[in-house]
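Beneath this line is the structure, given in structure tokens, with notes to follow.
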Amino acid sequence: MPPSPMTNGPCLPFSAIVPATVFLMDGAVMDLSALKTFQAVAETASVTRAADKLCCVPSAVTARLRQLEQEIGQPLFLRERQGMILTPKGRVLLDYAKKAMVLFDEAEKAVRHDDLPQGTLKVGATDTAATLYLPRVFAQYHLSYPDVSLEVTSGVTETLIAGVRDHKLDCAIVNREVRDPLFKAEQVRRERLVLVSALTVDQITDADEFTFLAAPTGCVQRARVEEWWSEGAHAPIRLIEMANIEMRISCAAAGMGVTVLPLSTLERLADRETVRIHDVPEPWAWLDTFLISRADSPSFAARRLFREMVLQEFRQLRAVV
């Protein structure tokens, strides 16, 4: 008897364990690889770019599309000069193709990677967390679990929440609680926010103009400051967006304006002595950090172990700060 693919012998592709097919109501069968090809063409609007993305030749992409259209009995694209344009039927299929890919990916993680950390783990984190708190976690995880392909995305909280909701991220570190049954959220940290300026700035609230060096829209720290400032009789805000936290801090130290960051962040700044700290008043002074994932996403080893490392790291930070 040949060895079981889940126990002994060499590892088999997941498609050898779970057939990579989708059955239609009329009995037709779509191969998931064909759906993946269709999705790549739809997202790139080009057979050539889809082939590059899939690491195959354009003729293979064309053949798969032709076969898929024959199986469905409907044209999926209009071949226009500006590229491949989805037909109405094609737009319908694209929605289902995305769902099929997500479900297949979750099934693979749940069935194949439940005990051993393998496969791909897609993690999101705010710029502050990714830059200052998590590098040690990322490095330790990479060294401890070399069979996991760790993909890290940094961004603002609202973008990361959308990424988890849309199955683009397996989990994310964000700065607000998500009160939605679709999500599972664990609070991992609570810390005080402060404003940072050049040493020459004595008072912020008395200034004629408030130049705020802020993260892009969707950042919770930015929203806290904007809410506070809008409720008082303060000078108008001149907003300058900077995506990178280190750039915001450096520009604030140079006298360009004021930025906001967690107080504990200053412990990790080499140029801490070059900035002045200003308090953020209650109730805007506190920033909560959460680890979120989809509540309906099946558990798998790669994410469980990452969660354990994150919780351990933030416990150590809480003890120090």
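The values are calculated or read from the model by the stated rules, or taken from the named source; none is laboratory data. Keep in mind it's a predicted model, so treat the numbers as computed, not measured. Here the Cβ is made from the backbone with ideal geometry for all residues, glycine too, and neighbour counts use every protein chain on show. Each accessible area value is taken on the protein alone, full model and side chains, heavy atoms only, with ligands, DNA and RNA left out. Shrake-Rupley method; radii C 1.70, N 1.55, O 1.52, S 1.80 Å.
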Flagged in segment 40-75 as open to solvent by less than 20 Å² (accessible area, probe 1.4 Å) and within 22 Å of residue 166 (Cα to Cα), in numbering order, are 40, 41, 50
Picking from 9, 27, the residue that is at pLDDT below 90, within 22 Å of residue 103 (Cα to Cα) and assigned to a loop (DSSP other than H, G, I, E, B) would be 27
- Message: On the basis of being surrounded by 17 or more Cβ atoms within 10 Å (Cβ to Cβ), among the charged types (D, E, K, R) and either touching a Pro at 6+ places or on another chain (Cβ under 7 Å) or under 20 Å from residue 138 (Cα atoms) (or both), does residue 308 make the cut?
- Response: no
Exercise for the section: Would you be able to say whether some residue in segment 76-92 is more than 15 Å from residue 36 (Cβ to Cβ), modelled with pLDDT under 85 and either surrounded by 17 or more Cβ atoms within 10 Å (Cβ to Cβ) or in contact with a Leu (Cβ under 8 Å, 6 or more places away or on another chain) (or both)? Expected result: no
Of the residues in segment 194-224, those that are touching a His at 6+ places or on another chain (Cβ under 7 Å) and assigned to a loop (DSSP other than H, G, I, E, B) come to 204, 205
Apart from one, (1) surrounded by fewer than 14 Cβ atoms within 10 Å (Cβ to Cβ); (2) part of a strand (DSSP E or B); (3) without any contact (Cβ under 8 Å) to a residue 40 or more places away in the chain all hold for residue 187; the odd one out is (3)
Among residues of segment 126-171 being of a type in the set (A, V, I, L, M, F, W, C), in contact (Cβ under 8 Å) with a residue 24 or more places away in the chain and within 16 Å of residue 312 (Cβ to Cβ), the residue surrounded by the most Cβ atoms within 10 Å (Cβ to Cβ) is 129
Scanning segment 225-280 for residues that are hydrophobic (A, V, I, L, M, F, W, C) and part of a loop (DSSP other than H, G, I, E, B) gives 233, 235, 242, 243, 254, 256, 269, 270, 280
Q: With the condition kept exactly as written, say whether any residue in segment 285-301 is modelled with pLDDT under 95, in a helix (DSSP H, G or I) and buried (at least 18 other Cβ atoms within 10 Å of the Cβ).
A: yes
